[in-house]
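Every number in this text was worked out from the coordinates using simple rules, so none of it is lab data. Every value quoted in this text rests on a predicted model; they were computed, and no experiment measured them. Note that we place each Cβ from the backbone using ideal geometry, even for glycine, and neighbour counts take in every protein chain shown.
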């Protein structure tokens with residue numbers, strides 16, 4: 001580990017530093033309230049669980065491809081991956097920002113409660129599965145079963161969506177600019193009103209995407225016809 | 001859970017070091033499959049008119065020289081066995097199917113792991129790193145190779161139950177996942193004359209491909225048939241004399257990542273198995289689409 005004085009950035013080389021040591025040091029900042037706030041991680045080489053469980057206002061840049069569960073459970077921190085990410089990117093994120101400059105594998109943003117997740121490439125299957133309040137912006141396309149059982153939050157996709165989009169969806173809003181291969185059970189297209197245009201504009205701006213028109217998106221959401229929406233079934237829970 | 005790796009050389013530098021790269025990739029997949037490991041390496045073609053078999057013996061004192069002498073008496077020629085761990089590669093002066101049938105008839109205690117002109121299969125129980133050492137994998141040169149690390153779910157942890165599986169000449173299959181209809185399919189394929197040596201689900205998939213290819217399908221068509229006829233989840237990597245193919249089930253239950261440079265094409269269950277290859281940082285990289293067949297062949301490159 002060396003301190004990069006000019007940028008006051010703590011540089012950690014995963015070719016020489018064990019991953020657990022990196023994550024422990026990142027956690028220690030949250031625990032003690034002391035330590036560097038800007039971090040750069042080099043040579044991740046597809047390692048799993050890089051920068052997981054952060055709980056402080058840290059700025060972490062990762063140079064290269066990461067494996068599974070990168071930035072999982074993120075709270076407050078800003079994590080940027082200059083590469084691709086494996087399965088479960090920003091899974092169960094609570095707040096903060098996670099940006100991937102390449103593509104993400106399946107289940108990106110799964111169950112995430114808050115924060116902003118931006119994928120500049122494609123996200124694979126099950127993007128935003130069971131999302132619970134996170135906002136996800138994907139510059140490319142998403143795979144099948146994206147936003148499955150999505151509860152709340154927004155999924156903005158500048159490209160296409162795969163089969164069974166929004167299956168069994170609750171209150172989440174899905175904004176898709178390209179083709180939708182197929183809608184899942186109880187997911188329908190809905191009217192784009194001014195409030196929705198404003199929401200898409202805001203999310204695109206926060207994701208740093210300025211060459212895409214909010215007016216090109218279509219909105220999808222729940223028809224609220226499934227069993228769980230029937231008041232007669234309330235006693236079953 | 002299992003781990004899969006595949007490496008297809010596009011340059012002689014990679015061909016010369018194929019075993020070194022394959023070993024490094026396999027070691028990265030150790031955590032996905034610590035039970036057993038195996039590789040199929042395509043290398044060192046048998047001269048025209050002859051073929052080669054990879055044989056396995058459970059007997060640590062197996063006298064491979066005697067088997068070669070018998071093969072020489074039966075088919076002519078004098079060849080030394082190339083022994084690696086519990087396996088030996090033998091050259092036979094006949095076509096591969098005939099040689100395989102001879103071994104099964106005359107040496108039922110041996111298992112034919114592969115038959116063909118270029119394929120060699122080595123597989124054994126135990127941790128992948130130890131397997132690689134026992135079989136001196138780093139010595140191997142070749143055009144392309146597949147590897148597998150196994151965490152058994154559907155059948156016992158045995159040498160025979162390890163991957164790759166071969167049920168056709170120069171053909172092999174490695175699999176991450178499990179199949180639900182393998183018993184039904186095995187019965188149907190046996191009626192078609194396909195032979196099986198284990199109760200393993202992956203062997204049925206390999207047998208299915210062998211059957212489709214025998215019936216005139218291209219590799220691509222045979223793999224597309226899997227989408228209709230196999231029930232279960234899978235990422236497959238298939239090796240042939242000329243190349244390899246990759247298929248994921250339509251639900252994409254099991255992971256796979258592909259990468260390509262000017263020197264190689266690689267596939268792996270997880271990227272960190274590709275990260276050990278030279279130039280991986282700058283490779284073109286993508287996740288194979290579910291239900292789509294990807295094929296690389298020597299002639300096509």
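Could you check which residue among A:167, A:59, A:210 shows the biggest mean-square fluctuation in a GNM of chain A with a 10 Å Cα cutoff?
A:210
Tell me, how many Å apart are the Cα centres for segment B:101-137 and for segment A:95-138?
45 Å
Highest mean first, what order results for B:148-160, A:134-146, B:183-195 on Cβ atoms within 10 Å?
A:134-146, B:148-160, B:183-195
Counting only other chains, what is the mean number of Cβ atoms within 10 angstrom of the Cβ of each residue in peptide A:42-49?
4
With each label point set 7 Å from Cα along the Cα-Cβ vector, what nm distance links residue B:70 and residue B:284?
Going by the 7 Å Cα→Cβ label model, 5.1 nm.
With runs of 4+ DSSP H residues as the only contributors, calculate the mean residue ellipticity of chain A at 222 nm using -39,500 (n - 2.57) per run, divided by the residue total and rounded to the nearest 500.
So the helix-based figure for chain A works out to -3500 deg cm²/dmol.
Peptide A:85-92: average number of partner chain Cβ atoms within 10 Å per residue?
1
How do B:239-247, B:41-49 rank on mean C-beta neighbours within 10 Å, highest first?
Averaged packing, sorted descending, gives the order B:239-247, B:41-49.
Taking beta carbons within 10 Å but only from partner chains, what does the mean come to for residues B:271-280?
4
For a quick protection proxy, order the peptides A:116-127, A:153-164 by their average other-Cβ count within 10 Å, most packed first.
Ranked by mean Cβ neighbours within 10 Å, highest first: A:116-127, A:153-164.
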